[in-house]
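Working notes, beginning with the structure itself.
The values are calculated or read from the model by the stated rules, or taken from the named source; none is laboratory data. Computed from a predicted structure; not experimentally measured. With ideal geometry, Cβ positions are generated from the backbone for all residues, glycine too; neighbour counts draw on all protein chains shown.
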Amino acid sequence: MKKISYLELSSIVLTVIISFNLGINLYILKNNTGINSWISIIIAYLIGIIPLTLTIYISNYHPSLTIYEKNITLFGKTIGSIINIIISFILFVIAITILYNLISFITTQFLYHTPMLISAILLVALATYAATKEINVISHVSLILITINLIIFIISTLSLTKEIHLDYLLPILKTDQNNLIPTSLKIAIINTLPLLIILIIPKANITNQKKYSKSIIISYIIGMLISFIITTGTISTLGIYLTKTFEYAEYIVLKKIKLFGFLERIENISSIQWITESFIYLTLIIYSIAKSITHKKDDIKEELNYHKVDNAKKKFIYTCIITGIIIIITNNYLFTSITKFNNYLETAFIYIVSLLIPIYLIISIKIMFKKSN
């Protein structure tokens, strides 16, 4: 595996953290905590410090190994493989969730007469092709796209400052306070627990390992601020009633942008940030799942085993393709309407991703015992 820079690692962390900002985060928040959604976001990311810390802790154990290889080393082939299968299954569920959310947005806002299956095939095909490349290629693309997205986000935010009405956020704690913590937990689960995916990149493969932890922490803080700004900005611009009315209220807000006093209707350009982030995340998941199946071949030296490495590469590519096909089929079969998808978000999806909690704990505790012996 080729090395990547700490900036590229930061871009991947940011992508994972803010990928659910389109549609999903705000849907959960607005229906549970209303105008107090900004409080839930803050609590959620404070809770998220726990998995963030555990992720960094796990990365320090055998830094030359991926998360899948660490699990085999820690628990043995049988138990380690079971844990790896569970992780891959959770990532698969996240993939079909991201895919449907993205193609639903594209179909309803841009390609009105295009079947969602066609959009899904095109997006997954492109993500699968990207996933067949080395992680350094994916990280290069991620860094470029996240840089562009941050610039677009800053411009969009500054352009909307005149549209913000802080009184839309008042009174504080107007909604049922009992919903704050449960909703914060949901947001923390779907936005921060999947950070485990960055462990497919061994710490030893970061060019400047001294900045490894710092880059992750800074990226996490930036991701938290972006989520906070998007949530607060949407509600304070449209008001909670209009925010609840629109399926993609974040996109509707962008229609209010007017640059230099005359440039209007640039919301389609601004929405690229969400599309590209979801695309990179989908690519990372396909790459990760394929690696979980073919990781045994990672330690083969190319100069000594050229043909074996070539066969391993082919196996990896075929695995990526098969994974992409299964994602498309599952997505098309499970989600037949936006209503079913929204119900799934707050029920099955939350519980499935929650399985990462015991995985974090089991791996961390096992490492702790290994180090103490």
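Data overview
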read-out: Failed condition for Thr147, given (1) over 22 Å from the mean Cα position of the chain (by Cα); (2) of a type in the set (S, T, N, Q); (3) modelled with pLDDT of 85 or more; value: (1)
read-out: Options Leu46, Leu22, Leu29: the member that is at pLDDT 90 or above and not polar (S, T, N, Q); value: Leu46
read-out: Residue among Ser119, Ser156 that alone is within 30 Å of Ile39 (Cα to Cα), surrounded by 14 or more Cβ atoms within 10 Å (Cβ to Cβ), of a type outside the set (Lys, Arg) and out of contact with any Cys (no Cβ under 8 Å at 6 or more places or on another chain); value: Ser156
read-out: Boolean, Ile187 is touching a residue at least 24 places away in the same chain (Cβ under 8 Å), part of a helix (DSSP H, G or I) and within 17 Å of Ser19 (Cβ to Cβ); value: yes
read-out: Tally, over the stretch 106-133, of residues that are in contact (Cβ under 8 Å) with a residue 24 or more places away in the chain, part of a helix (DSSP H, G or I) and farther than 30 Å from Lys315 by Cα; value: 3
read-out: Positions within the stretch 195-221 being assigned to a helix (DSSP H, G or I) and of a type in the set (S, T, N, Q), in sequence order; value: Asn205, Gln209, Ser213, Ser215, Ser219
read-out: Only one of Ile41, Ile79 that is at pLDDT 90 or above and not charged (D, E, K, R); value: Ile79
read-out: Hits in the stretch 1-27 - residues which are of a type in the set (Val, Ile, Thr) and surrounded by fewer than 24 Cβ atoms within 10 Å (Cβ to Cβ); value: Ile4, Ile24
read-out: Enumerated helices (runs of 4 or more DSSP H) restricted to the stretch 8-93, each holding at least 2 residues that are within 22 Å of Trp274 (Cβ to Cβ); value: 24-32, 37-47
read-out: Test: Asn136 is under 16 Å from the mean Cα position of the chain (by Cα), modelled with pLDDT under 90 and in a helix (DSSP H, G or I); value: no
